[in-house]
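Take a look at the structure below.
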Amino acid sequence: MTSAHTDPAPVTVRVPAKVNLELLVGPLRDDGFHALSTVYQAVNLHDDVTVAINDEWRCSVVGPYADVVPTDSSNLAMRAARLLADETAIDAAVHISINKSIPVAGGMAGGSADAAATLVACDRLWGLGLSTEELEEYAAELGSDVPFLIRGGTAMGSGRGERLAPVLARGSYHWVFAISDIGLSTPEVYAECDRLRDGSSPRADVPEPNSQLMAALRTGDPHALAPQLTNDLQEAAVSLRPELGELLESGMEFGALGGIVSGSGPTVAFLVEDVEAAIDLTVALTATGAAREVRKAVGPVHGAHVIPARVD
Ligand code: C5P
């Protein structure tokens, strides 16, 4: 056991959520994943993850979604900490405390974000001094979009989503996220996508990013970006939960420039012109009662980064 006075101070890491501006889904690979071409953007809906040396492994969650997050070894943050400890021969348990405000199972990578934050926090707590590239390699073992949550900003993902390349993006974009109660599991949505395609993918074995989307991102103009938003999983998510189609229509009628299911859903992301438009759309969508919660956000923002320690 480590004595209290020699323990390093707890470390808190803030980590964003993500939205996929483009998600092109290729064929199912032999390993059970789909070949992807995606463009991620990190947005300022955050979780804060604090790690502290502890006598035993422990995970706790506070915040509005605390009751639906597992705190046992199935929690991705717990798996992240144990993976890093095993790989670097660290023999010290930690208490991971998650202050959660990213929607759970919403297609915004909340669980992956906590795993990314935990890697960055444990690296600092244990004084490992790993590079971002090394942390991203461990992140890829935990989930397809975990490496992106370490990097943040706007980036392209290939492979199963874990292989990152930078994207030149100007400006800031204003988003409104409509978060619904209806549950959707990621594997279920991919399976529905395969079912609707009846075994033959319209995409190449290795899908290519859309050059018009890349050009739009260089302009920094949301009007140029809006028509390029694409999600191959959207049809599958709407097929499983038709209410999402209605939610998308409502947002467009209320003045959004573009609307898209976020990742595998069920969160729906609307791109709007500016902060005033974001406030207007948030009020209008909240009034319909069609979503559990409506939140505005801005992207791109930084990936997982250390902030002054937080005590909840
Ligand atoms: O990598 P991650 O744990 O986020 O993936 C969750 C599930 O989503 C996978 O088990 C798989 O069913 C599906 N998936 C996929 N193709 C990808 C990424 C995820 O089929 N590229």
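The values are calculated or read from the model by the stated rules, or taken from the named source; none is laboratory data. Fair warning: this is a prediction, and the values are worked out from it, not measured in the lab. Here Cβ is always computed from backbone atoms with ideal geometry, including for glycine, and neighbour counts include all displayed protein chains.
Residues in segment 27-70 that are part of a strand (DSSP E or B) and in contact with a His (Cβ under 6 Å, 6 or more places away or on another chain) were compared, and the one that is surrounded by the most Cβ atoms within 10 Å (Cβ to Cβ) is Ala52.
Scan Leu225, Leu213 and give me the residue that is under 26 Å from Leu28 (Cβ atoms) and either surrounded by 13 or more Cβ atoms within 10 Å (Cβ to Cβ) or free of Cβ contacts under 8 Å to residues at least 60 places away in the same chain (or both).
Unique residue meeting the criteria: Leu213.
Looking across segment 160-193 at every residue that is in a loop (DSSP other than H, G, I, E, B), at pLDDT 95 or above and within 9 Å of the ligand (Cβ to nearest atom), the one that is nearest to Asp280 (Cα to Cα) is identified as Gly161.
Kindly indicate whether Met108 is in contact (Cβ under 8 Å) with a residue 12 or more places away in the chain, buried (at least 18 other Cβ atoms within 10 Å of the Cβ) and in contact with a Cys (Cβ under 7 Å, 6 or more places away or on another chain). The answer is no for Met108.
For segment 107-146, residues that are of a type outside the set (A, V, I, L, M) and touching a strand residue (DSSP E or B) at 6+ places or on another chain (Cβ under 6 Å) total 4. Here Gly127 passes the criteria (1) on the phi < 0 side of the Ramachandran plot; (2) in a loop (DSSP other than H, G, I, E, B) except the one numbered (1).
To keep it simple, each residue is scored yes or no on (1) part of a loop (DSSP other than H, G, I, E, B); (2) in contact with a helix residue (DSSP H, G or I) (Cβ under 6 Å, 6 or more places away or on another chain).
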residue	(1), (2)
Ala236	no, yes
Glu249	no, no
Gly259	no, yes
Gly265	yes, yes
Ala269	no, no
Glu276	no, no
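When the criteria are applied in full, Phe270 meets the requirement of being aromatic (Phe, Trp, Tyr) and closer than 23 Å to Phe148 by Cα. When residues in segment 210-234 are screened for being of a type in the set (A, V, I, L, M), farther than 16 Å from Leu257 by Cβ and assigned to a helix (DSSP H, G or I), 2 of them pass.
Taken together, the criteria exclude Leu196 from residues that are buried (at least 20 other Cβ atoms within 10 Å of the Cβ) and either within 16 Å of the ligand (Cβ to nearest atom) or under 19 Å from the mean Cα position of the chain (by Cα) (or both).
With the condition kept exactly as written, say whether any residue in segment 87-100 is part of a helix (DSSP H, G or I), acidic (Asp, Glu) and within 17 Å of the chain's Cα centre (by Cα). Within segment 87-100, not a single residue is part of a helix (DSSP H, G or I), acidic (Asp, Glu) and within 17 Å of the chain's Cα centre (by Cα).
Conditions (1) within 16 Å of the ligand (Cβ to nearest atom); (2) under 22 Å from Ala35 (Cα atoms); (3) crowded, with 24+ Cβ neighbours inside 10 Å, marked per residue:
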residue: Met78; (1), (2), (3): yes, no, no
residue: Ile98; (1), (2), (3): no, no, yes
residue: Ser101; (1), (2), (3): no, no, no
residue: Ala115; (1), (2), (3): yes, no, yes
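Taking the criterion of being touching an Asp or Glu at 6+ places or on another chain (Cβ under 8 Å), within 10 Å of Pro222 (Cβ to Cβ) and surrounded by 20 or more Cβ atoms within 10 Å (Cβ to Cβ), the only residue of segment 166-181 that qualifies is His174. Within segment 194-209, the set of residues being among the acidic types (Asp, Glu) and in a loop (DSSP other than H, G, I, E, B) comprises Asp198, Asp205, Glu208.
From Thr50, Thr38, grab the single residue that is among the polar types (S, T, N, Q), within 16 Å of the ligand (Cβ to nearest atom) and either touching a strand residue (DSSP E or B) at 6+ places or on another chain (Cβ under 6 Å) or over 17 Å from His302 (Cβ atoms) (or both).
Selected residue: Thr38, the only one of Thr50, Thr38 that is among the polar types (S, T, N, Q), within 16 Å of the ligand (Cβ to nearest atom) and either touching a strand residue (DSSP E or B) at 6+ places or on another chain (Cβ under 6 Å) or over 17 Å from His302 (Cβ atoms) (or both).
If you go through segment 283-300 and pick out every residue that is out of contact with any Phe, Trp or Tyr (no Cβ under 6 Å at 6 or more places or on another chain), surrounded by fewer than 20 Cβ atoms within 10 Å (Cβ to Cβ) and not in a strand (DSSP E or B), you end up with 7. If the condition is being under 18 Å from Leu83 (Cβ atoms) and either without any contact (Cβ under 8 Å) to a residue 24 or more places away in the chain or within 8 Å of the ligand (Cβ to nearest atom) (or both), then segment 147-159 contributes no residue at all.
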